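To start, the structure under review is shown below, and the notes come after it.
The values are calculated or read from the model by the stated rules, or taken from the named source; none is laboratory data. Because the structure is predicted, anything quoted here is derived from the model rather than measured. Neighbour counts run over all protein chains shown; Cβ positions are idealised from the backbone, glycine included.
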Amino acid sequence: MPRKNLTARFCETVKVDERTDFQDEMVRGLALRVSPNATKTWNVVYTRESDGAKQRVKLGRYPAMSLEKARTAALKLVTAVSEGEDPSEEKRARKAAMTVEKLGELYIEKYAKRNKKTWAEDERLLKVEVYPEIGRMKAIAVKRRDVLDIIEAKADAGYVAQSRQILAVVRKMFNWAVDSDYLETSPATGIKPRGRAVKRDRVLSDNEIRAIWTALPDAALADQTRDVIRLLFMTGQRSGEVCGMTRSEVDVDRALWTLPGKRTKNGLTHVVPLAPAALEIIERALDKTEDESEAPLFTRVGVPIESNAISKAVRLKLQVADSSWTPHDIRRTVATGMAALGVQPHIIEACLNHISGFRAGVAGVYNRNQYEPEKRRALDMWGDHLGDLAASSDQKIVPFRVRKRTTVDN
């Protein structure tokens, strides 16, 4: 094992033809293991006091763990060894004792919350679909058959899409566990989804939209849930985006809702012009919201309403259309309805923050026009259409009135 005065630059640039350990001259026992595929892992090598055997403990990967952090962690571990502890054995014992539920909690806290906007859905699927079946099992004891039993049962029951979602979350969790050295191998490796994913093409008709608007006031729903559903129809945005709307995102004077990139699926800031009826709902919510920039407009006990709560409300309380429908069908309905009103495809994509079709590829890269005036006209036109549907129902759900607002420059 070559000894080296490790530096940040060396750690960043070192390359090898075969796996090599570089031992740090500053901290005894600390070594950087470098593989030909450029994987770099921090380890501490020490001599076990009980039998004199060499032991190796993985600290983490570079660059996620910097040289400075690796030295700090190595010093702590070496100190423990000098006091008679055996970190390697303790680590093996922790791995052996860890249940799937505990592993899932670590995955959510250490990875999903930091890297996935949909972490709450991952957590829900684990709690509802995975933990009841294998949550108490030791993570190291889980076999492929255990994972297959979960996803096959869901697919056989007709929930193919959900079966695929469960597999994706379980696979990600176990892959993360392997990468983070909690497990040696993943029981989900090589498992293929059961059943073929069915692409939804459900579009609500005008009569169905009218029936939903009419049913909203009398449905056993919270007022905030009703407002979120109305805004889904009026804006065409995703359920999670509407549920998470905050005071700072809304410019009432200009009738604009600006979604920051951290809250959009494609990571791009998205500006939504608000039709009069949509703005009226938002103003009403603002009047009830705390005077803080990041205060959510639609909350339960201080936290934003979750999109799965909207889905559940629709599934249980608003199935008044000709056939079953979901909140995500609303986006497809808005896009289809705008097209029927004569809105151009690239304007529809701009309204919905889609990067596909016209806005994909070279055209999307070089054409940065945000089409604000065109989006305003399209969403106003769609709002007028919803207003006509509401007016023709037995009850006019929301007053669609014309109001003055500041002109938005392109």
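Within the stretch 2-36, the set of residues being polar (S, T, N, Q), assigned to a loop (DSSP other than H, G, I, E, B) and at pLDDT 90 or above comprises Thr7, Ser35. In the stretch 310-335, the residues that are among the polar types (S, T, N, Q) form Cβ pairs under 6 Å with partners that are at pLDDT 90 or above, at six or more places apart or across chains, as follows: Ser311/Pro327; Thr333/Val203; Thr333/Leu204.
Among the residues of the stretch 60-79, those that are modelled with pLDDT of 90 or more and hydroxyl-bearing (Ser, Thr, Tyr) comprise Tyr62, Ser66, Thr72.
The criterion of being charged (D, E, K, R), part of a loop (DSSP other than H, G, I, E, B) and in contact (Cβ under 8 Å) with a residue 60 or more places away in the chain holds for Asp201. Take Arg71 and decide whether it is of a type in the set (D, E, K, R), in contact with a strand residue (DSSP E or B) (Cβ under 9 Å, 6 or more places away or on another chain) and assigned to a strand (DSSP E or B). Criteria not met by Arg71.
Among the residues of the stretch 126-173, those identified as closer than 16 Å to Thr99 by Cα, buried (at least 16 other Cβ atoms within 10 Å of the Cβ) and in contact (Cβ under 8 Å) with a residue 40 or more places away in the chain are Leu126, Val130, Ala139, Ile140, Val142, Asp146, Val147, Val170, Met173.
For the stretch 113-120, the criterion of being at pLDDT 90 or above, among the aromatic types (Phe, Trp, Tyr) and under 17 Å from Ala177 (Cα atoms) is met by at least one residue.
Residue-by-condition table, conditions (1) in contact (Cβ under 8 Å) with a residue 60 or more places away in the chain; (2) part of a loop (DSSP other than H, G, I, E, B):
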| position | (1), (2) |
| --- | --- |
| Ser186 | no, yes |
| Thr189 | no, yes |
| Glu208 | yes, no |
| Ile212 | yes, no |
| Ala215 | yes, no |
| Leu221 | yes, yes |
| Arg226 | no, no |
| Leu232 | yes, no |
